[in-house]
Every structure is written in structure tokens, then in C-alpha cells.
1. Is it the case that some residue within region 166-189 is in a strand (DSSP E or B), over 19 Å from Asp243 (Cβ atoms) and under 25 Å from the mean Cα position of the chain (by Cα)?
2. Residue check: is Ser329 in contact with a Ser or Thr (Cβ under 7 Å, 6 or more places away or on another chain), modelled with pLDDT of 90 or more, of a type in the set (Gly, Ala, Ser) and open to solvent by less than 40 Å² (accessible area, probe 1.4 Å)?
3. From Val289, Val306, which residue is out of contact with any Asp or Glu (no Cβ under 8 Å at 6 or more places or on another chain) and of a type in the set (A, V, I, L, M)?
4. Considering only region 213-221, I want to know if a residue exists there that is open to solvent by less than 30 Å² (accessible area, probe 1.4 Å) and of a type in the set (Ser, Thr, Tyr).
5. Among all residue pairs at least 6 apart or on different chains, which show Cβ distances below 8 Å where the first residue, located in region 337-361, is over 22 Å from Tyr100 (Cα atoms) and of a type outside the set (Phe, Trp, Tyr) and the second is in a helix (DSSP H, G or I) and modelled with pLDDT under 90?
6. Check every one of the helices (runs of 4 or more DSSP H) wholly within region 91-155 and list those with 1 or more residues that are closer than 19 Å to Leu225 by Cα.
7. If the requirement is being touching a Gly at 6+ places or on another chain (Cβ under 8 Å), among the β-branched types (Val, Ile, Thr) and over 23 Å from Lys94 (Cα atoms), which of these qualifies: Ile224, Ile251, Ile237?
8. Could you list all residues from region 283-309 that are open to solvent by 30 Å² or more (accessible area, probe 1.4 Å) and under 20 Å from the mean Cα position of the chain (by Cα)?
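The values are calculated or read from the model by the stated rules, or taken from the named source; none is laboratory data. These figures come from a predicted structure and were not determined experimentally. Here the Cβ positions follow ideal geometry from the backbone for every residue, glycine too, while neighbour counts run over all protein chains shown. Ligands, DNA and RNA are stripped out before the accessible areas are found, and what is left, the full protein with its side chains, is counted by its heavy atoms. Shrake-Rupley method; radii C 1.70, N 1.55, O 1.52, S 1.80 Å.
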Amino acid sequence: MAAASKTLNLSSSTSPISSSFLSPTLRNLKRSNLSFLLSRSASNNASFSIRATSLSSPTTHITATSTSQSESPDRFRVDILSESLPYIQKFRGKTIVVKYGGAAMKVPELKASVVSDLVLLSCVGLRPVLVHGGGPEINHWLQLLNIQPLFHEGLRVTDAKTMEIVSMVLVGKVNKDLVSLINKAGATAVGLSGMDGRLLMARPTPNSAHLGFVGEVSRVDSTILQPLVDNGHIPVIASVAADESGQSYNINADTVAGELAAALGAEKLILLTDVAGILENRDDPKSLVKEIDIKGVKKMIAEKKVAGGMIPKVNCCVRSLAQGVRTASIIDGRVHHSLLHEIMSEEGIGTMITGMSLWILWTIFGLSCKEPRMNDFES
């Protein structure tokens, strides 16, 4: 039987959908477009969608579409909220690190979707941390300034002039635009880069002779970050950091997200990408691997089923899991409200990679009984 779609449009206050049951933070949510899709196992096998807009407006408007006209909109709303309770309880008070990039950063509607998801998650007690890059925006400004982008083996060469533009764009524009959008949606965001409070310490990559000021994370100090997370703020972090001498480096945002997730003891790392997740067959979009452990994903790399740009993303997830992050997910940022779908539903929307105990990791990677290092988990 096909699933019936039921849509609720909530606009605050008077009538049965009073805002009195909402948290103070959620009641203060001014303008957002929050929606999530949950599947029910009830006898009518229905799927529900709830959409909330402008909780500060004076009237409440409810619409519902259903094969069963005898069920009231209030009942639909209660069913949806009650079904989300186990997921809220599971993740409430837990830190979720989200790497934001790809189409979700370029398409305004997808950007609004990510922002509203982050605000909703914060409102119900999760502790989201957003990490971003900004390649397309960097390219745009380089073009405006008549600076020709240079690449070496597919990787951007970041000379001194380019690094200056990277810092200006990521820290001064992209970061503050995201902070403004999150604040406008009703949460409190704080913009940072890796240089602020020595949050991240950088070092040059091994092939820096060819790539210039492209770096990697050598150390994380979450002293400045933890109080923000503990007080319900949403940190928004640009993937730029400096070394001991103060030289700035552009760092891959996936890497930054993974290292921060480990340092914060995050429950979950989520990478927003332009693919559905890890595919069993790269030529078949329907062959999505829903869940896999580290051993399984390393086997897929060895069999060339995971290749190209997916390898560094998978390695980023493996490194974070090796340092204590509970799960890491690679999800499709091209899907509206994919963050909510991944967290607030049993099946999720992308590929979830799960960790193992360290002794199993040592066995898989053929390591001796010594403390594991980050390089031990690289391909």
C-alpha cells in the first residue's frame, strides 16, 4: 500500500497548537522552514511531513491531506512528535559535528534547509557544530580579482596571494554569512576559524613544495569551543588555521570536522556531500550501503569500490572513529532536510560507518600493541 503524505503547516499560537508546550528557544524561533519526514510502522503505513513557519505570527493555520479524513490534524501532529521522541532522547545533550559543503552551500534553498535543520536540532537539545570550506566562493573571488587558479594533480595550489584570498573569503565572508543566517533563524551562532584561541594548529602537508600553503591539523585545543557548545551556541568554524610561526594554511574541511569531532568527544560526525553515500556499485545509484563498519569500508577501498574523492572522506571518518567518535555518516546534501532525516529516523539517508574497539582496529591494520597514531589509519 502506498504511503499517504500528510503535511502540517504550523504558524504559532492561539488554538490547539499553542506554543506553550515548546521550549523557550523554540518559541523564540522567528522565521524558519523546519520540516522532517518520518516513516511510521502503523497500520496505515503512512509517511508524515511537518512544516513550521513564523512561530511569531498571531494565527495558526493547519492543513492536512490524508486518505483517512476521520483523523484530525492534531492527531497527526501528536503522532509525529511522539515518534521523534526516541531520537531526541538518544541525541539530546550530544555533540554532532557537521561538515557543510557541496551543493548544500551553493543552492540557496538547500542552504536554508541546512540552517533550519541546525536550528531545530539545537532547539530540541542537541549540540551541533558546523565546519565549512568554500571552494566555489574562493574560485569566484579569485576570478573577480583576475587571479588564475593553479592546480597540481587535481589539488589547488595555494600560494601567498591565494592564501590571503582564501582567508578573506572563508573567514570574513562565508563564515559570517552562515552565522548571520543561523542567528536570523532563531539560534545563536558564533563564527570562528582555526586561528581563534588556537583552536587548530596547522602544519604543512608532505607535498607542500607543490601545493604551497595547504595544511593539515597537527593539534586541536577545544578550550575556546567547549563553553560555546555547553551553553547552547552553534559554533561555525572556517577551515583555516596557522602554524606555530603564525603562517596561515588552508585545510580540508572534512579533515577539520573529523579532528574537531574527536576532540569534542562527539556522538556523530556528518559529512554533507554531493553523492548519496557509499555505493556498492559506483555505477548504480540504487546500491547505497546503509551501514558498514571500518573493516568493511577498508575492504571496499581495497576492492576499488570506494575510489577517487570518496577515499579521503572515508579516511576522515575512520580517523574520527578511531579517536572515539561513535558513528560517522556520509549523506547527500542535495536532499532537503537531509540532516534531520539522518538523525531523526531509523533508516537514515546516507551511509553510516561504525567504529570498533581499538584491539580490533590494531588487528585489521596489522599494528603492534602500541598506541595508535593518525597515520596508522590512513590508506
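1. The answer is yes; a qualifying residue exists.
2. yes
3. Step by step, each of Val289, Val306 is checked, and only Val306 is out of contact with any Asp or Glu (no Cβ under 8 Å at 6 or more places or on another chain) and of a type in the set (A, V, I, L, M).
4. No, the conditions are met nowhere in region 213-221.
5. So the pair list comes out as Met356/Ile364; Leu361/Phe377.
6. The qualifying helices (runs of 4 or more DSSP H) are 108-123.
7. Ile251
8. Leu288, Lys290, Glu291, Asp293, Gly309
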